[in-house]
Each structure stands twice: as structure tokens, then as C-alpha cells.
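Undergrad: Please see the structure below; I have some questions.
Please treat every number below as a calculation from the coordinates, not as lab data. Here the structure is a predicted model, which is why all the values come from computation and not from measurement. Virtual Cβ from ideal backbone geometry, glycine too; neighbours counted across all protein chains shown.
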Amino acid sequence: MQGKRIFSGSNATLVIFALILFATGNPASAQVETVLYSFGNTATDAAYPYAGLVSDTAGSLYGTTLYGGANNDGTVFELTKAGGHWMEKILHSFGSSGDGFLPQAGLTFDSVGNLYGTTYEGGAHAAGTVFELTPHSGGNWTEKVLHSFNPNGTDGANPLAGLTFDAAGSLYGTTYTGGTFASGTIFELTPEGGGWTEKVLHSFGNGTDGAAPHAALILDGAGNLYGTTLDGGVDGLGTVFETTPKKGKWAEKVLHSFNGKDGEYPTAALIFDPAGNLYGTTESTIFELMPKAGGWTEKVLRNSGSTASLIFNPAGGKLYGTTALGGPQDSGTLFELTRKAGGKWTYTILHGFVGGGADGAYPYSGLIFGAPAHLYGTTYMGGARDVGTVFEFTP
């Protein structure tokens, strides 16, 4: 069955998606998970959402699906609440001539309401694209390919991650393959003269450098970029890296190489807390990186992993995330980590997904907050037609 294929780059058998993510902890009570929408409602509906969501100022939710749509090559969708119900609309179906397809990453808004994202395949060179969706009156959206990646030995290829804007309006992202060493790249897209110019800032895979970046980048206040690589590093088990702009060029530095005991194969983006510490996940751990004396010190917060990014609630000192498997039906969990006195963290399962039609299953993506502090996310499968859901969790 197509939906059982967990798509992750050219190697669909990557161990990162074959793992069993064990999630143990104290079950929480008096909290409710609700399926807002089950995909596959029509023959051309969206199906199999792998990425998370973004929201606009009106509270509508936007995302991508790997499959479904008019060509079964993936979609961009919108969910809008009206009259107490959530209505879905397909904004774009991928797979037409010259278009990208198989969008694995989530979306990013610009300041005027346009959406940006990537596709793993398709485009002029069949190596993936960066695209823009522009809204028009009447609720229609127009899609435009901003860049087609070219596996020519210099450009990146096959992006699996979403995009990040800087204050000047440039876009930054990663590609899973391509570049000088065919191990992935960091790229920048700059708006110029009505179009966009792409520049490779770093090619992974040189020596003990990271390789195969799977996740989106984040920016700090000084304009430095931070991210993770699935492979590479001293032990070949993945890295956390920083890329710093210096006199028109960018210098990449590995901040941490995973060694198996402290984690391996990170696929999720990092997050900052207000103090400037970094948090992330690997196949087997949840970790924190703290800047100290010109370097970074890593601390394992939990010996159970995730394929999804975390979100931080600074008001309560809590981290939230999902696991793709684990829970009562081995269909994934939604969890909370709460900071306690002495730097310890308490792990609590807030919801165990059960699939089977009534609930979603296999949440590969991270969560977002919505007012009043509700959590929203997607599951890759489950729901009424077993092709994925959008859900809300109410604390």
C-alpha cells in the first residue's frame, strides 16, 4: 500500500524511519485530542501529511501532503473554521508540467501572506524545487517555482526541509543531497529584479563534517544559522552545526557530533529557549545544547527519541513534541517535558494515538500553538480513511 511508504530521501529504508520509538511516562488526564479533519474525503483530496502546520492571523491552518490532489503528487491545503466546523480546501495540486512534486516539508509565510515551501522531486531537473503560493481575490492561489535544483555537482538537490526567512527577505534552506560532495547543502535564495537568485552557502560531506541535512534551519539574533544533519560527524551518526556569515562568505562549524550514547540520526529542526540554549531530538534522545566558554555542552534530557521538532512554552518551562510510534497502539504519542528544580525534566505522555478510523496515527511532524494555547498537528495515517489527519490537543 502506498501509504505505508515513509518517504525520506533517496533511501526509503533509512533506519530512522524503521525504529520503534519507545515512549514511557506518566499518562496525563483531563486533556482532549480531537481530529479536526480526516484526509481522503474525495478521490482528489489531499493524503498522507508528513509535515506540520502553519497558521495565519485569522487562525486558519495550512500544510502540505506527500500524496493526493489532482495528480496524486501532493498538495498544499488550507483548513478554515466556520460555524464550529473545519473546512478543507486544496490550494495547489503538484505534478503538472514543470512543477515540483512530493512536498515533504511544511510551509513558511512572508509578511504579506504568501506561502513558501519545497518539493523533494520535480522541477526542471527532476531534483526538487522551491515554490511560492500567492493568494488572490476570491480565495484562489497561484503557484510559482522560484528555483529548480540541479544535481550538477555544485547546486543542491532533493530538499526535505522547509524554509526560513531573514529580516531582509532572503530565504534559507537545506538540501538532502547534491553539492560538491553529494552530501547536501545549505542554500540562500535572494529576491532580485523580480526573480530569485540561489547561492550555495555550504556543501556538506568534507571530512568529519555533517551530511544529509533533513531539517529546516533556524536563525539567531546575529544572523547565524543552526541546523542538524542526519549523517556525518566524527562517528557518522549526525551533527548539530552553525553557519556564520563572514565578509560575504559563510563559515560552517560542527557544534556537536552524536556518538550513539547521546543520540544518533537527528532529522528534526532545532529550537532556542529565551536563554539561548538549543533543544532538539534524535532517533533515541531529546537533548539540550548550552553555549559555554566559546563552545557548546550537550545534555541528554530524555532517552527516548523523536523524528519531530519540539516547541517551547517559556511561560511554563515546558517542551512539547510527538513520537511517530510508541503509545498504547504503537501509533505514536504527544508528550510534554516539564523542567523541575535542579535541572531535571519530567516526561509525560499527553495522548497516545490509536488510529483505527477514530484517531490519527504516526505523527511525524512537530506541533504549533494556537490560541488559547491549544496544540495543532498532523498524523501521516489514521483517520476515517487511513490517509492522515489534522488534530487539535486541548490542555
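Undergrad: Could you tell me which numbered condition VAL112 fails, if it satisfies all but one of (1) crowded, with 24+ Cβ neighbours inside 10 Å; (2) assigned to a loop (DSSP other than H, G, I, E, B)?
TA: For VAL112, the failing item is (1).
Undergrad: For the range 334-368, name all the residues that are assigned to a strand (DSSP E or B) and over 16 Å from THR34 (Cβ atoms).
TA: Once the filter is applied, which keeps residues that are assigned to a strand (DSSP E or B) and over 16 Å from THR34 (Cβ atoms), the range 334-368 yields PHE335, GLU336, LEU337, THR338, ARG339, TRP345, THR346, TYR347, THR348, ILE349.
Undergrad: Would you confirm whether any residue within the range 313-325 is touching a residue at least 40 places away in the same chain (Cβ under 8 Å), of a type in the set (Val, Ile, Thr) and surrounded by fewer than 19 Cβ atoms within 10 Å (Cβ to Cβ)?
TA: Within the range 313-325, not a single residue is touching a residue at least 40 places away in the same chain (Cβ under 8 Å), of a type in the set (Val, Ile, Thr) and surrounded by fewer than 19 Cβ atoms within 10 Å (Cβ to Cβ).
Undergrad: Show the residue pairs meeting these rules: Cβ distance below 7 Å; 6+ apart or different chains; first residue within the range 330-355 and closer than 12 Å to LEU301 by Cβ; second residue part of a loop (DSSP other than H, G, I, E, B) and among the basic types (Lys, Arg).
TA: Pairs that qualify, where the first residue is closer than 12 Å to LEU301 by Cβ and the partner is part of a loop (DSSP other than H, G, I, E, B) and among the basic types (Lys, Arg), are THR346/LYS340.
Undergrad: Mind telling me which of the residues GLY139, GLY74, GLY84 ends up being touching a residue at least 24 places away in the same chain (Cβ under 8 Å) and either crowded, with 19+ Cβ neighbours inside 10 Å or closer than 30 Å to ILE349 by Cα (or both)?
TA: GLY74
Undergrad: Still on this model: Identify, by number, the condition in (1) more than 22 Å from LEU319 (Cβ to Cβ); (2) surrounded by 15 or more Cβ atoms within 10 Å (Cβ to Cβ); (3) among the basic types (Lys, Arg) that ARG302 doesn't meet.
TA: The one condition ARG302 does not meet is (1).
Undergrad: On the given criteria, is LEU201 in a strand (DSSP E or B), of a type outside the set (Phe, Trp, Tyr) and closer than 18 Å to VAL300 by Cβ?
TA: When the stated conditions are applied, LEU201 does not pass them.
Undergrad: Can you tell me which condition TRP296 does not meet? The list is (1) of a type outside the set (A, V, I, L, M); (2) out of contact with any strand residue (DSSP E or B) (no Cβ under 7 Å at 6 or more places or on another chain); (3) surrounded by 14 or more Cβ atoms within 10 Å (Cβ to Cβ), and all the others hold.
TA: All conditions pass for TRP296, except number (2).
Undergrad: Then there's this: Every residue in the range 372-395 that is of a type in the set (D, E, K, R) and either in contact with a His (Cβ under 6 Å, 6 or more places away or on another chain) or in a strand (DSSP E or B) (or both), please.
TA: GLU392
Undergrad: Going by the structure shown, is LEU289 closer than 23 Å to TYR380 by Cβ, of a type outside the set (Val, Ile, Thr), within 22 Å of the chain's Cα centre (by Cα) and surrounded by 15 or more Cβ atoms within 10 Å (Cβ to Cβ)?
TA: Answer is no for this residue.
Undergrad: Let me ask another. In the range 184-201, what residues are surrounded by fewer than 23 Cβ atoms within 10 Å (Cβ to Cβ) and touching a strand residue (DSSP E or B) at 6+ places or on another chain (Cβ under 6 Å)?
TA: Within the range 184-201, GLU188, LEU189, THR190, TRP196, THR197, GLU198, LYS199, VAL200, LEU201 meet the criteria.
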